[in-house]
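This report concerns only the one structure given below.
The values are calculated or read from the model by the stated rules, or taken from the named source; none is laboratory data. Keep in mind that this is a model prediction, so the values were computed, not measured. With ideal geometry, Cβ positions are generated from the backbone for all residues, glycine too; neighbour counts draw on all protein chains shown. Accessible surface areas use protein heavy atoms only, side chains included; no ligands, DNA or RNA. Shrake-Rupley method; radii C 1.70, N 1.55, O 1.52, S 1.80 Å.
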Amino acid sequence: MKLKGYLLAAIAAASYGTNPAFAIPLYADGMNSTSVLLLRYLLSLPILLVMILWRGQNLKLKRTDLFPVAVLGILMAISSLGLFEAYKYMNAGVASTLLFMYPVMVAVLMSFFFHERFRITTGICLAVMGAGLLMLMRTDGDNPFSMTGFLFVFISSLTYALYLVMTNVSKKIKEIPTVKLLFYQLLIGSSLFFAMLAAGEPFIMPTGWQGWANVSALAIFPTALSLSCTTLAIHYIGSTPTAIFGALEPVTAVALSVLFLGQPLAPREIGGGVLILLATTMVIAADPIDHTLLRMRKMFPSLRRHRQ
């Protein structure tokens, strides 16, 4: 069962990392991020509906659940929009790697606003992630860093961190089945893109079968498939190992960006990305790391007395 869980976790992470491979060709055909995301959200709904009915669930939602679900839907839509906008300004692999700052953000938000213990590893991870960001933000003549792209990714990562924190602390949200919750989040989140269209953003349809294939792939792989595999993986191996496998998301995005989109990576970008992934993995695996550090302190009491 564990092997099956690891495989599902890897599929979930890798499938989510396919976002830029399908989105960027749509940009090249003249579509904007609002149109791409609206179609992605709307095409995902029938797939999720089939999954809900197949599991014997219904679509009923309590009135008291409507507001928190709506907030989560808007946060998800803003996060998606930030990431897809960032693809226009910077290497898609770098953008996907920067997005992976969100586990560190979650740890910091939980410490400051919900009084979780500020772990030793959290402080270490902030320093490691800061070093990775400095490497990524260095500019050179051939491959300059886009501050605009970084701001979009930062907004995407922060809103997703807020989404995860709210999901973690809300008892009402925890009572809603995962696929059903995502269905309503995408349904409500699509209202943000409808509002942008009403405000004057042009709606651009895909051109030809390849465009529709890319939009459909966005609805299937990084949305429905990734979610279902994540849910099953958590059931088989738990949330922590599943989250650690999430490091495959930016790895997949980087590989696809280099191989199929022709977006090269500078050595500093690779180094910065590795540091960010390392910091994130340390946050996710904080419990065993903290336990090891405490054991080391007990093994060397003379060091602690010397520091005092």
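Every condition in (1) surrounded by fewer than 17 Cβ atoms within 10 Å (Cβ to Cβ); (2) modelled with pLDDT under 70; (3) closer than 21 Å to Gly93 by Cα is met by Leu259 except one, and the failing one is (2). Restricting to the stretch 1-23, name every residue that is open to solvent by less than 30 Å² (accessible area, probe 1.4 Å) and within 21 Å of Val254 (Cβ to Cβ). If the condition is that a residue be open to solvent by less than 30 Å² (accessible area, probe 1.4 Å) and within 21 Å of Val254 (Cβ to Cβ), then Ala9, Ala10, Ala12, Ala13, Ser15, Gly17, Thr18, Asn19, Pro20, Ala21, Ala23 are the ones that fit. Of the numbered criteria (1) under 25 Å from Val128 (Cβ atoms); (2) hydrophobic (A, V, I, L, M, F, W, C); (3) open to solvent by 60 Å² or more (accessible area, probe 1.4 Å); (4) at pLDDT 60 or above, the one Ile234 fails is (1). Is it the case that some residue within the stretch 49-71 is surrounded by 20 or more Cβ atoms within 10 Å (Cβ to Cβ) and of a type outside the set (A, V, I, L, M)? Checking the stretch 49-71: not a single residue is surrounded by 20 or more Cβ atoms within 10 Å (Cβ to Cβ) and of a type outside the set (A, V, I, L, M). Does any residue of the stretch 184-192 turn out to be closer than 21 Å to Asp29 by Cβ and open to solvent by 40 Å² or more (accessible area, probe 1.4 Å)? No - not one qualifying residue is present in the stretch 184-192. Does Pro206 satisfy being assigned to a loop (DSSP other than H, G, I, E, B), open to solvent by less than 20 Å² (accessible area, probe 1.4 Å), closer than 17 Å to Phe84 by Cβ and modelled with pLDDT of 85 or more? Criteria met by Pro206.
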